[in-house]
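First comes the structure, then the notes that go with it.
Every number in this text was worked out from the coordinates using simple rules, so none of it is lab data. Note that the coordinates shown come from a computational prediction; the quantities given were computed from them, not determined experimentally. Counting neighbours? That spans all protein chains shown, and the Cβs are built from the backbone with ideal geometry, glycine included.
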Amino acid sequence: MRTKPTGHETRALALGKNHCFVCGGANAEGMHLNFFYDETRGGFVCRFRLSKRFTGPPGHCHGGIIATILDEAMGKVNRLRDVVALTAQITVDYLKPVPLYQPLRVESREVRVRGRSHFNAAEILNGAGDVLARGRGTFIAIDPERMFAKHLDKSTKKRIDKETKMRIGEDEDRK
């Protein structure tokens with residue numbers, strides 16, 4: 001079964017519009033990729049084709065765009081734990097050239113979590129299932145209210161404040 005996430009939102013972070021370059025519908029210059037959680041794979045999947053505006057070598061995708069797609073796919077995995085986690089490090093293995101105009105998919109999954117560090121992996125595959133590029137990334141969970149306070153809408157700030165007060169009350173009850 002597949003379900004569609006909404007951009008970069010989590011329970012703790014609600015944005016009015018998604019301006020993300022990769023998945024944001026509100027970004028006129030963006031890629032507009034749609035990621036879905038695939039329960040059978042236990043990760044996120046996106047099917048797409050790349051146009052000539054993403055050209056690197058003739059007929060193929062630019063390496064920076066490949067890294068961007070892998071980074072975005074791995075970042076989606078953090079939603080499984082309902083956290084906002086920012087990229088601390090990413091490595092990319094460029095195995096084969098990624099063609100333009102061909103059906104492609106990217107798949108991502110969680111590798112492990114250690115404290116605030118989330119370790120994820122992703123692959124870009126062609127229509128035949130050949131792995132063209134592989135990425136591994138480390139993402140650090142952050143407090144979205146502190147990091148993005150000036151970008152959150154008022155209702156989200158109120159909800160976060162209420163949930164924080166409830167958690168503090170629960171912590172006090174345990175003492």
Would you compute the Debye intensity of the range 49-153 from its alpha-carbon atoms alone, equal scatterers and no solvent, and pass along log10 I(q)/I(0) at q = 0.15 Å⁻¹ to two decimals? -0.65
Paramagnetic reach from ASN18 (point 7 Å along Cα→Cβ, amide N under 15 Å) across the range 41-72: 44-48, 69, 72
About its Cα centre, how strong a charge dipole does the range 2-142 have in debye, to the nearest 20, once Lys and Arg get +1 and Asp and Glu get -1 at the Cβ? 140 debye
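By per-residue mean of other Cβ atoms within 10 Å, what is the highest-first order of 45-57, 128-140?
Numbers: 45-57: 14.6, 128-140: 16.9.
Peptide ranking by packing, descending: 128-140, 45-57.
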